[in-house]
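Colleague: Once you've had a glance at the structure underneath, I'll fire off some questions.
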Amino acid sequence: MSTIGIVNGTAFGLYLGFSSNDLLGYATSCSISISHSPRKTTTSTSGGWQSRMVGDRDWEVSCDGLVSMELAGDKRNFAEIFQNYIQNRITVQIRFKTSVTGDYYYQGMAIVTGLTLDAPNEESTTYSISCVAAGPLEQLTV
């Protein structure tokens, strides 16, 4: 396991393509949200109490970063991400991974659902990308 079990946030990355090593460039933060939607199984014999069973599982991921318009063809810059997005050709892989043998990491495919570009006066221009699951989220080990 990693030292005292704490993982540095730089271990969390969003990559273009499932087998890609094209880490989204200049990321400043990433987050993942995992949810579960149980289904109701209440019947006339349940005495008025609701009952539930396992239902759909879902996850979504978002990432913020600094914008780079340079390096045409570099799949990690905002211009390239945008071109792929408008052509509906973009899928991403998330990885939350350390390099310590035995540590867990998580990966899965997601589809980009939104891009935001923020350009405040006299400040760094940033982007946000949001994605929804396009399949299961796997827990693997290094």
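The values are calculated or read from the model by the stated rules, or taken from the named source; none is laboratory data. All values reported here derive from a predicted model rather than from experimental measurement. Cβ atoms come from the backbone with ideal geometry, glycine included; neighbour counts cover every protein chain shown. These accessible areas exclude ligands, DNA and RNA; they are computed on the full protein's heavy atoms, side chains included. Shrake-Rupley method; radii C 1.70, N 1.55, O 1.52, S 1.80 Å.
Colleague: Kindly establish whether V54 is open to solvent by less than 70 Å² (accessible area, probe 1.4 Å) and either modelled with pLDDT of 75 or more or assigned to a strand (DSSP E or B) (or both). Reasoning before the result, please.
Modeller: Numbers: open to solvent by less than 70 Å² (accessible area, probe 1.4 Å): no; either modelled with pLDDT of 75 or more or assigned to a strand (DSSP E or B) (or both): yes.
Answer is no for this residue.
Colleague: Still on this model: T41 passes all but one of (1) open to solvent by less than 70 Å² (accessible area, probe 1.4 Å); (2) at pLDDT below 75; (3) out of contact with any helix residue (DSSP H, G or I) (no Cβ under 9 Å at 6 or more places or on another chain); which number fails?
Modeller: T41 satisfies all of (1) open to solvent by less than 70 Å² (accessible area, probe 1.4 Å); (2) at pLDDT below 75; (3) out of contact with any helix residue (DSSP H, G or I) (no Cβ under 9 Å at 6 or more places or on another chain) except (2).
Colleague: Within segment 98-131, can you find the residues that are assigned to a strand (DSSP E or B), more than 13 Å from F78 (Cα to Cα) and open to solvent by 40 Å² or more (accessible area, probe 1.4 Å)?
Modeller: Answer for segment 98-131, where residues must be assigned to a strand (DSSP E or B), more than 13 Å from F78 (Cα to Cα) and open to solvent by 40 Å² or more (accessible area, probe 1.4 Å): Y104, Y106, M109, I111, T113, S130.
Colleague: Something else about it: Among the residues of segment 132-142, write down those that are within 19 Å of H36 (Cα to Cα) and part of a loop (DSSP other than H, G, I, E, B). Spell out the reasoning first.
Modeller: Pass one, segment 132-142, residues within 19 Å of H36 (Cα to Cα): 132-139.
Result: A134, G135, P136, L137.
Colleague: Sticking with this structure for a sec: Would you point out the residue of segment 59-78, among those that are modelled with pLDDT of 75 or more and more than 15 Å from S124 (Cα to Cα), that is surrounded by the most Cβ atoms within 10 Å (Cβ to Cβ)?
Modeller: It comes out as V61.
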